[in-house]
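The values are calculated or read from the model by the stated rules, or taken from the named source; none is laboratory data. The model shown is predicted, which means the values in this text are computed figures rather than measured ones. Cβ placement follows ideal geometry from the backbone for every residue including glycine, while neighbour counts extend to all protein chains displayed. Accessible surface is based on the protein model in full, side chains and every heavy atom, while ligands, DNA and RNA are left aside. Shrake-Rupley method; radii C 1.70, N 1.55, O 1.52, S 1.80 Å.
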Amino acid sequence: MAEQLVFDLPVVTAFGRDDFFTSPANSLAVAAIEDWRHWPLGKLVLSGPEGSGKSHLGRIWADIASAKVVQARDVKDAATLARGALCVENLHAIAGDRTQEAALFHLHNLMAQGGYPLLMTGRGVPRSWGITLPDLASRIEGSQLVQLGAPDDTLLAAVLLKLCADRQLLMEPGVVDVILRRAERSFAGIRALVGELDRVSLQRKRPVGPRMVTETLRRLEEMN
């Protein structure tokens with residue numbers, strides 16, 4: 001079958017509450033997000049591996065708390081941001097950047113002074129982020145921490161189906177079971193696999209089947 005050209009179109013990701021699947025691996029984090037009015041000192045750190053749902057939960061919270069969402073690397077004018085509930089994502093990404101760390105420290109203090117709730121996200125636990133500004137590190141590590149756990153089969157299947165739905169990727173019956181048996185058991189691995197399957201499916205003008213999954217997994221392994 002002739003292959004068609006594939007255009008790198010943006011993927012529309014669904015971030016609604018109904019699009020987030022709750023399992024034992026993330027139930028504590030979901031409960032903490034929904035109980036945001038009772039966060040100690042009005043702040044919370046949400047951590048987890050890449051693709052584990054931190055951004056999705058952050059946007060769910062932003063919706064229920066009428067909060068603004070900003071990347072840590074984009075924090076510049078703290079006084080402008082500290083005017084209401086705020087979610088600051090990917091704090092680990094600014095580790096070692098003294099300018100950004102100082103800006104975030106200033107923002108943290110202004111949020112506390114104003115009594116505004118603050119949600120912070122990052123990969124891994126805060127002590128592993130490598131924040132070099134001692135005062136900022138102590139404030140982050142002094143915040144309540146909730147972690148997204150390692151994914152179980154149920155959660156991996158739900159994440160897989162959501163990623164496919166976001167891309168409108170069609171799969172033949174039984175493909176989910178094949179992927180769960182053979183693919184890397186991580187959110188990042190599932191995300192990479194779905195992206196490659198989407199590309200191949202568009203090229204071949206066919207839904208994803210077991211053979212396509214096997215071929216794609218082999219190719220990804222060779223690339224790594």
Residue by residue through the range 81-100, note down the ones that are under 24 Å from Trp39 (Cα atoms), in contact with a Gly (Cβ under 7 Å, 6 or more places away or on another chain), of a type outside the set (A, V, I, L, M) and outside any strand (DSSP E or B). Asn90, His92
Given the conditions (1) outside any strand (DSSP E or B); (2) touching a residue at least 24 places away in the same chain (Cβ under 8 Å); (3) of a type outside the set (Lys, Arg); (4) over 30 Å from Gly195 (Cβ atoms), report the number of the one that Ser138 does not fulfil. (2)
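Find the residue count for the range 141-182, including only residues that are over 12 Å from Leu197 (Cα atoms) and assigned to a loop (DSSP other than H, G, I, E, B).
Residues of the range 141-182 that are over 12 Å from Leu197 (Cα atoms), as a first pass: 141-159, 161-162, 165-166, 172-174, 176-178, 180-182.
Now narrow it down to the ones that are assigned to a loop (DSSP other than H, G, I, E, B): 142-143, 148-152, 172-174.
Selection size over the range 141-182: 10.
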Mind checking whether some residue in the range 102-121 is of a type in the set (S, T, N, Q) and open to solvent by less than 10 Å² (accessible area, probe 1.4 Å)? yes
If you check Asp135 against the conditions, is it surrounded by fewer than 21 Cβ atoms within 10 Å (Cβ to Cβ) and within 19 Å of Val30 (Cβ to Cβ)? no
Which is outside any helix (DSSP H, G or I), open to solvent by 20 Å² or more (accessible area, probe 1.4 Å) and over 30 Å from Lys43 (Cβ atoms), of Arg185, Arg211? Arg185
Residue pairs, Cβ under 7 Å, 6 or more apart or interchain, first in the range 201-224 and more than 20 Å from Val176 (Cβ to Cβ), second open to solvent by 50 Å² or more (accessible area, probe 1.4 Å) and part of a loop (DSSP other than H, G, I, E, B). List them. Gln203/Glu3; Gln203/Gln4; Gln203/Val6; Lys205/Met1; Lys205/Gln4
Of the residues in the range 110-122, those that are touching a Leu at 6+ places or on another chain (Cβ under 9 Å) and not aliphatic (A, V, I, L, M) number 4
